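Below: the structure, in structure tokens.
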């Protein structure tokens, strides 16, 4: 893949890249896995009669046990060390309530970005041409895939660029680095 380029200006601007077939296939597969994880979390939401009446969806009030999902769906409020949000409010209860109300919206937004990406990603590779809103959806989807893979690989700041061949993560770390480059390339062209 070559770096993203912008063609045109203003609302007519298009963001263009060409992906090889293996790149498109890897990207499609990884994004699909993240989408499946998010869909599973959404499907695990408790049934709520009030949401049927009000249209306000609710989700789980507890964070995901899976570390990858926990990274994609972080806490909406973190109580202080005493578990208190300040002003006498129970911080844990506030965090649970915020998660219950906000998580379905976050999952929906992430899945919409994934759908936009998959709709504009040629399955066999080739030219990708995006509008500004599509490019922003790509950024969201690529960032989520990167976060998921980075969490699974336990990427840290002190991790070397290459791992020893006997490390089980060695084959997947280059994909993480490629996703980082892909994201950076698109951010750079969007900011110009």
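A few remarks follow.
- Number of the condition not met by residue 107 [criteria: (1) surrounded by 17 or more Cβ atoms within 10 Å (Cβ to Cβ); (2) over 10 Å from the mean Cα position of the chain (by Cα); (3) farther than 23 Å from residue 25 by Cα]: (2)
- A single member of 3, 42, 24, 96 is surrounded by 16 or more Cβ atoms within 10 Å (Cβ to Cβ), on the phi < 0 side of the Ramachandran plot, over 19 Å from the mean Cα position of the chain (by Cα) and at pLDDT 75 or above, and it is 96.
- Across segment 45-60, the number of residues qualifying as at pLDDT 85 or above and more than 12 Å from residue 108 (Cα to Cα) comes to 1.
- Qualifying residue in segment 48-65 (condition: in contact (Cβ under 8 Å) with a residue 60 or more places away in the chain and within 20 Å of the chain's Cα centre (by Cα)): no
- Any hit, segment 164-174, residues being part of a helix (DSSP H, G or I), at pLDDT below 95, surrounded by 18 or more Cβ atoms within 10 Å (Cβ to Cβ) and within 20 Å of the chain's Cα centre (by Cα): yes
- Checking each residue in segment 1-43 for being part of a helix (DSSP H, G or I), out of contact with any helix residue (DSSP H, G or I) (no Cβ under 8 Å at 6 or more places or on another chain) and touching a residue at least 12 places away in the same chain (Cβ under 8 Å) picks out 21, 22, 24, 25.
- Unique match (being under 23 Å from residue 14 (Cα atoms) and in contact with a helix residue (DSSP H, G or I) (Cβ under 9 Å, 6 or more places away or on another chain)) among 185, 120: 120
- Residue list for segment 122-143, filter: touching a strand residue (DSSP E or B) at 6+ places or on another chain (Cβ under 6 Å) and either assigned to a helix (DSSP H, G or I) or surrounded by fewer than 16 Cβ atoms within 10 Å (Cβ to Cβ) (or both): 127, 129, 135
- Per-region count, segment 67-92, residues at pLDDT 80 or above and either part of a helix (DSSP H, G or I) or surrounded by fewer than 16 Cβ atoms within 10 Å (Cβ to Cβ) (or both): 9
The values are calculated or read from the model by the stated rules, or taken from the named source; none is laboratory data. Keep in mind the model is a prediction, meaning the values are calculated, not measured. Positions of Cβ are backbone-derived with ideal geometry, glycine not excepted, and every protein chain shown enters the neighbour counts.
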